[in-house]
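The values are calculated or read from the model by the stated rules, or taken from the named source; none is laboratory data. Please read all numbers here as calculations on a predicted model, not as lab measurements. Glycine gets a Cβ as well: all are built from the backbone with ideal geometry, and neighbour counts include every protein chain shown. When the accessible area is computed, the model is the full protein with side chains, heavy atoms only, and any ligands, DNA or RNA have been set aside. Shrake-Rupley method; radii C 1.70, N 1.55, O 1.52, S 1.80 Å.
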Amino acid sequence: MQPSVEAEDLVKVYGAGDTAVYALDGVTAAFGSGQFTAIMGPSGSGKSTLMHCLAGLDTPTSGEVRIGDTGLSGLSDRALTLLRRRRVGFVFQSFNLLPTLTAGQNIRLPLDLAGRKPDPRWENEVVTRLNLTDRLDHRPAELSGGQQQRVACARALMTRPDVIFADEPTGNLDSASGAEVLSFLRSSVRELRQTVIMVTHDPVAAGYADRVLFLADGRVHGELHDPTPRSVLDYLKLAGV
Amino acid sequence: MLRAALANLNHRKARLALSSLAICLGVAFVAGTLVLGASMNQAFFSSFAAGAKNVSAAVSPPSPGKARPGSSGDPSVPASVLAEVRSVPGVAAAAGRLVGQAPLIGSNGKVISNGEQPGIGINIPNDGALRGFAIASGHLPDGAGQVAVDKATAADEHFRLGQAVRVVDHSGVVRAFVLTGTIDLGVNREFGNSTVTAFQTATGFSVTGRPGYDMVVARAAPGVSQGTLVARIRNLPGMGGYQVRTGGQLATAEANDAVHFTQQFTTAILVFALIALVVACIVIYNTFTILIAQRGRELALLRCVGASRRQVFGGMLIESAVVGLVASAAGVLAGLGLGWALQRLFAAFGADVPSGPLALTPATVAVSMAVGVLVTVAASLLPARSATRVAPVAALGGQVDAQVKAKVGWLRLAVAIVFAAAGTVLTFAGMRDVTGNSGFVEIAGGGCVCFVAVLALGPVIAPPVITFFGWLPGRLAGATARLATANARRNPHRVAATTAALMIGITLMTLFTVVVSSAQASSDTAIAQHYPVDYLVQAGRGGQTVPPPVVRALQASRALGIVAPQYEQRATANGAGVRVGAIGRGALGFSVKPTIVSGTLAAVGPGTAGVDSSKLTALGTRQGGTVAVATPGGGSRALRVVAVYNSAGVTMPDVLISVGDYLRYFRPAGADDVLINAAPGVPPATSRAAVDAATGSDPLLVVFTQADYKANLAGRVNQVLALFGTLLGLAVLIALFGISNTLTLSVIERTRESALLRALGLTRGQLRRMLLTEALLMALLAVALGIGLGAVFGWAIVHAFINSAGGEGVVSIPYAQIALYVVIGVCAALAAAVFPARRAARTSVVAAMAEA
Ligand SMILES: Nc1ncnc2c1ncn2[C@@H]1O[C@H](COP(=O)(O)OP(=O)(O)O)[C@@H](O)[C@H]1O
Ligand SMILES: [Mg+2]
């Protein structure tokens, strides 16, 4: 399987000297195209930092990130921004949508920023899949948490990005809404051949993924293929993390 | 957690800095305007303290001539009174003051006439302490052949000490004097713009031809009070008819005279102080409202951990009072600097404003500090009250930033509509009201009331206006402009409050421009319509005339078309005192165009007359009736009335007779003035040369041209515009600071949102452009409303002027100037957005997302 995103010996240091914190301490990992990967680890293990570096939101202290065949090191802020706009989708834990825009406008936002017109058939397909057809004219304040996350998922899919990053996408949701969002992420991988990288601390959420990557103290601790909530819990217990 | 705390601290510092700056600038603006106003008042009064300086008692003629100093009919105080006053026990020194006409001949060989005022001559009291002026350079005349000139005139005419200057004496003889020094009269309004020459007392009498002094002033010996001295002088024999006042009374009377002259200016300064106050209040209040709204969560957290509402409130009270106090104190200091800068600026514009030491009165400090502290506290407590009223837990969870729709209360709407209606009615009433100044007061009141309505309606008006202006940028610039439009209208209350200050500035600038430009256009057309003369030749000294040979020479010139001498004097007709006059042939109906009520002016000839319609009743006559004009010889001539005219807007005598009859009845030495029009097709240079040739030999004759008059008027208008423009510009500057402040606070508030946009692919450039567009839209909102209001009320004021002038005048909307205001407003708003835009673009995406 061809990797969609690769990290090579990533190091991210905050501060300097005695107070230096190694948020990432030599992370090497590959994320296959059309694969759903979950990143797990205890709080402070560097999950968010890794995701930010992979997505071009933050620059690592050393090491290299590639999205498709593009190396991110040395890219200007503008080039990184354009890359995110065209080739990366995001679903954050909270504050995903602009309060001033309707759901439909939020979904089209990345295309709007690029000055591109959405493909109506694709838009229709995405909106239908996420069951948002009759919510498009509502503003975020008028949507439930689950609906808001579904709008964010639709937005991430609209540009058909190389990779979608999701940072604890179900962290603020009840289990039913969470399950909806996770099934959608999985179906977009299975049926639409999307690549998804999701940060989570929830074994149930990780169970939706094809693979789980475990982080501890800024290093890769291990991984599991075709995980189930059970196997993830077992791993965590065994590893004592 | 550490990151969040650090970031929050950073923001709190930024917020504290911004709010302090808002208070400081607002207070500085108020204090600066007050300092300037007080300084000018003080300078006026001290200048009159100079006029009445050291004076313990003053003796004036029975009814001091107010109209024109030194005109021949003025009563005076004879020298014998001076001698008597000198002999009164307790008088240390006494002096006579003389004020009369003494036209001064300028470097061009012609009498200097500033706005038709003949030059003034004064004497130099021999008691140095009792002089009303200071020596600016050189020394005072110590011989009969010497003169001192006021320093402004000396500078204008490039006079040098020791040179000869020529003065026309009361009999019309030109006399040469040696210039020994220049004198500084301060802002003595008594002499207006006239030239002032100072002579030794005897010379002064012989030049001005005055029969006596205009005032005798005395200085008391030590230990003698002003009251005692005045009582002793009153007891002198033969003092019955004279007015005897104490030095204090004199100072007050003269200062009141001066304040009357400068009333408009003082009023203007007060109005500006008021505007400053309102603008400052708006800026401070708005800043604090936003700050507290942003701190809603913090307050809610305090409540959650057990702080009572009173504790939260007390904390806020102390905090805002301390910030308000410190920042206001800084503002007062800054205001002192601002007042100084304004004074320099006025001086640079050549405005006739007295400059003295800066006056920082306790009232200025108190008002400025009170504004700063009270507005700050009120602006903190009101929102804090509503914030603490919400259940603590609800406030914690709520998203601070989600407000998209404004809830506009019915009460607000109703009040706004009532105000708008009342304001409109008042304004229309004011436009109809032609009695004195009350119409303008009504319009000003109506304008203020309408303005309050617009302020109250701001949150309702703002969103559609912003959508309207955002349409085109949205088309052109795409998503960033559409996001900016959405952001600008997301909080209508805030945007309305933010733009209110700018709107005030733009409204007043527009209103002022419309009024001034209409006044100018009106006077231009009035000059052209009613007085379409090319030249006006006049004697440069009151009571003197244009000699007949000069009139004949002018009439003989082929370059000149109509040359019409005008004559006028007071006389008795049908037992009533009227102005009887004659106007040379050709001018009537051409250069001088009154409205004809009945008959025709062409019929006025030997034995006939025209009468002003407003005098028909007083004269008890009518068209076809008679007027009997008493002649100086003692006889009376009965003339038949062949024309009745309305002289509104035209200078015409009450009774118009033919030139031939006038010369026979009154035997004048010459014409009062001569109206001249160039012959058709003659270029201005040629006609001017012809006029100069005919008048050149006589230094006393002054030639006015319409071009001179218009240029003079335009110059004055531009000076006024520049002055007011500066003051209003300051208001606009403060308003723009308010916009910058709001934007910065909005940027802080929307940090998380900007981070999201940046993550989704908004480049730094796009983010900057988004904020610039938002500022642009706010500026356009303010500029559109301001220009609309300003133009409408300017138009109303001009109409009131026109109505009170009997339908004379035109409304002129200076489009270019208004377009300039739009450009200035927009550019300034963009400048105001630069700092917040840079701040937003600098923030790193990850750090911003870490905050919540
Ligand atoms: N801006 C920063 N400054 C200092 N330390 C940071 C910063 N961002 C992250 N860290 C540190 O790096 C480590 C990893 O953080 P993070 O990637 O957020 O962990 P996770 O998402 O797994 O909880 C933590 O120890 C955190 O304190
Ligand atoms: Mg994290």
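The mean number of Cβ atoms from other chains found within 10 Å of a Cβ in peptide B:744-752 is 1, as a whole number. Summing charges over all other residues whose Cβ lies under 11 Å from the Cβ of residue A:191, with Lys and Arg as +1 and Asp and Glu as -1, gives +3. Report, in whole Å, the centroid distance computed from the Cα atoms of segment B:647-695 and segment A:23-74. Here the answer is 97 Å between Cα centres. Accessible surface computed residue by residue for segment A:88-233, with neighbouring protein chains in place and a 1.4 Å probe, gives 41 Å² per residue. Placing unit charges on the Cβ atoms of the charged side chains and taking the dipole of the protein assembly as shown about its Cα centre, the candidate lying farthest along the positive direction among B:614, B:22, B:632 is B:614.
For the listed peptides B:285-294, B:739-748, B:825-834, B:175-184, a ranking on the average number of other beta carbons within 10 Å per residue, highest first, reads B:739-748, B:285-294, B:825-834, B:175-184. Comparing the full protein assembly with the isolated chain, the residues of segment A:73-94 losing at least 40 square angstrom of accessible surface (1.4 Å probe) are A:77, A:81, A:84, A:85, A:92. Taking other residues whose beta carbon is less than 13 angstrom from the beta carbon of residue A:9, and scoring Lys, Arg as +1 and Asp, Glu as -1, yields -1. Between the residues B:205, B:88, B:179, the greatest Cα displacement towards the positive end of the dipole of segment B:62-241, with unit charges on the Cβ of Lys, Arg, Asp and Glu, is found for B:88.
The length gained on full extension between residue B:80 and residue B:184, counted as 0.36 nm times the residue separation minus their Cα-Cα distance, comes to 34.5 nm. Note on A:140-150: average number of Cβ atoms from other chains within 10 Å of each residue's Cβ is 1. The radius of gyration of the Cα set in segment A:3-239, together with its Dmax, comes out at 17.5, 56 angstrom.
Mean projection of the Cα convex hull over all viewing directions, computed for segment A:1-58: 4.5 nm². Rg/Rh, computed from the Cα trace of segment B:535-705 with Rh as the Kirkwood radius, has the value 0.99.
Per the Cα gyration tensor, the protein assembly as shown maps to an equivalent ellipsoid with semi-axes of 83, 34, 25 Å, ordered largest to smallest. Computed packing ranks the peptides B:411-420, B:472-481 as B:472-481, B:411-420, most packed first, by mean other Cβ atoms within 10 Å. Count charges around residue B:631 for me, please; just the other residues with Cβ under 11 Å from its Cβ, Lys/Arg as +1, Asp/Glu as -1. Residues close to residue B:631 contribute a combined charge of +2. Between 0 and 90 degrees, the angle of helix A:229-239 with respect to the longest Cα principal axis of chain A falls at about 20 degrees. Ordering B:587, A:224, B:102 by the projection of their Cα atoms onto the charge dipole of the protein assembly as shown, which places +1 on the Cβ of Lys and Arg and -1 on the Cβ of Asp and Glu, puts B:587 at the extreme positive end.
What is the dipole size for the protein assembly as shown, taken about its Cα centre, with +1 at each Lys and Arg Cβ and -1 at each Asp and Glu Cβ, in debye to the nearest 20?
820
When only the Cβ of Lys, Arg, Asp and Glu is charged (+1, +1, -1, -1), the dipole of segment A:132-231 relative to its Cα centre reaches about 240 debye.
Partner shielding of A:49-60 amounts to 2, given as the average count of beta-carbon atoms from other chains within 10 Å of each residue beta-carbon. For residue B:228 and residue B:156, FRET efficiency with R0 = 56 Å and r from the beta-carbon atoms, rounded to 0.05? The value I calculate is 0.80.
Between residue A:144 and residue B:630, the simple spin-label model (points 7 angstrom out along Cα→Cβ) gives 10.6 nm.
Remark: accessible area buried at the B-A interface is about 2400 Å², both chains counted, probe radius 1.4 Å.
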